[in-house]
Every structure is written in C-alpha cells, then in structure tokens.
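Data first, discussion second: the structure below is written as structure tokens.
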Amino acid sequence: MLSILRKARLKDKEMRILMLGLDNAGKTTIVKRIMNEDVNSVSPTLGFIIKTIDYDGYKLNIWDVGGQKTLRTYWKNYFEKTDTLIWVVDATDRERLDDCRQELKGLLVQERLMGASLLVFKNKSDVRGCMNKDEIREGLQLDSIRTHKWHILPCSAMTGANLQEGLQWVVQDAKDRLFLY
C-alpha cells in the first residue's frame, strides 16, 4: 500500500534524498561536487542545505544536513517523505566507526524513514590507508539490515569518483520500486 501511495505522489518524478552522516564525512563536499560547485572552500554545515538537480529525467531534491553531535537530535525534523537516505561514511575515520554504526542504526528504526532505500557512500576512498568496503560493511553491520534496501559504494567527494554511479543507483532504485513509468 505504501508503495502505491508513493507511486501516486511521485508521478511527477520528483524525489527527496536525505544526506546524513557524522560531521566531517564529506556530505557537503559530495553535494557541491554533484552540483559542479567549488569543493575547495567547504565549511561545516550548521543546519541544512537543499540542492535540486535534474538527473535522468528525475528531479532530485538533496537535503544535506549537518552532522555535528549537537545537530543530530534535529535530524528527525528532516525525515518526512524521504525516498532515499544517503549515509556518508568517512573511510579514514576508524575511531568513530562505532559511533557511525550506532547513529545509522538509530535512523533505520525511525518510522518516517521506513520505505526509504539506503545508499552508503564510503567517502574518501582515494585516501591511502582508508578502510575498504568490507571493513565499512562489517563495521556498520550492513548485512544485518532487513528493513531497507541498501547499497554501498566507494567514492571520493574531492575527485567525484562514483558520485554519478550513486545517483544512478538512487534513480534506478526509484524506478524499480516507486514509479509507475
């Protein structure tokens, strides 16, 4: 039923994407790179930024929300009508992987995020010594997720590597489960 309602609401091919992750994971840099903006002068997001991009015939509204610990309690204010959650992980930050997992786990039980797919961007994959895909998958316990369709993708916000592939996955997932056409 939820799927049918979503398809009716989304007949205009518009999607709401919520981009979250711990502070310094690279969320804003990813959004700026996607929008072809300068990524050399990015400051912490103290609230949220909304960017809209037309991609493959779809209008993607990307909500980039700050990840500082003091802002995380406000994340719930952005959950409504989210079609895809993009969770950004700093692949160089081994010390906070447990915090990252706990925050993600808390999000995935939120009723207003039920039905949203999950794309995990393993950011900073171009940095030597970063965690590999399996380390992130195991550290976040992604294989135990049964409530959301998920996909993990290594990327680099600085170089743009795999960001387009991530958007392709988001749109294809939407075509498969949300849209009638």
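General remarks:
- Some residue of the range 61-70 being more than 17 Å from MET158 (Cα to Cα), of a type in the set (D, E, K, R) and modelled with pLDDT of 95 or more: yes
- Scope the range 1-40; condition small (Gly, Ala, Ser) and either surrounded by 12 or more Cβ atoms within 10 Å (Cβ to Cβ) or at pLDDT 90 or above (or both); matching residues: GLY21, ALA25, GLY26
- Residue in the range 163-177 that is under 28 Å from ASN36 (Cα atoms), of a type outside the set (D, E, K, R) and assigned to a loop (DSSP other than H, G, I, E, B) present: no
- One residue alone among GLU80, GLU95, GLU111 is acidic (Asp, Glu) and touching a residue at least 24 places away in the same chain (Cβ under 8 Å), and that residue is GLU80.
- Checking ASP83, ASP93 one by one, the residue that is buried (at least 17 other Cβ atoms within 10 Å of the Cβ), farther than 19 Å from ILE34 by Cβ and among the acidic types (Asp, Glu) is ASP93 and no other.
- Within the option set LEU85, LEU104, being under 26 Å from THR52 (Cα atoms), assigned to a helix (DSSP H, G or I), under 12 Å from the mean Cα position of the chain (by Cα) and not aromatic (Phe, Trp, Tyr) holds for one residue only, LEU104.
Results for (1) under 18 Å from GLN110 (Cβ atoms); (2) in contact with an Asp or Glu (Cβ under 8 Å, 6 or more places away or on another chain); (3) not charged (D, E, K, R), shown as yes or no for each residue.
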{"position": "ASP38", "(1), (2), (3)": "no, no, no"}
{"position": "PHE48", "(1), (2), (3)": "yes, yes, yes"}
{"position": "ASP56", "(1), (2), (3)": "no, no, no"}
{"position": "THR70", "(1), (2), (3)": "no, no, yes"}
{"position": "GLU80", "(1), (2), (3)": "yes, no, no"}
{"position": "TRP87", "(1), (2), (3)": "yes, no, yes"}
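- The set of residues from the range 111-143 being at pLDDT 95 or above, in a loop (DSSP other than H, G, I, E, B), of a type outside the set (A, V, I, L, M, F, W, C) and in contact with a helix residue (DSSP H, G or I) (Cβ under 7 Å, 6 or more places away or on another chain) comprises just one member, GLN141.
- Test: ARG101 is without any contact (Cβ under 8 Å) to a residue 24 or more places away in the chain and of a type outside the set (Asp, Glu): no
The values are calculated or read from the model by the stated rules, or taken from the named source; none is laboratory data. The structure displayed is predicted, hence computed values, not measured ones. We place every Cβ from the backbone using ideal geometry, glycine too, and count neighbours over all the protein chains shown.
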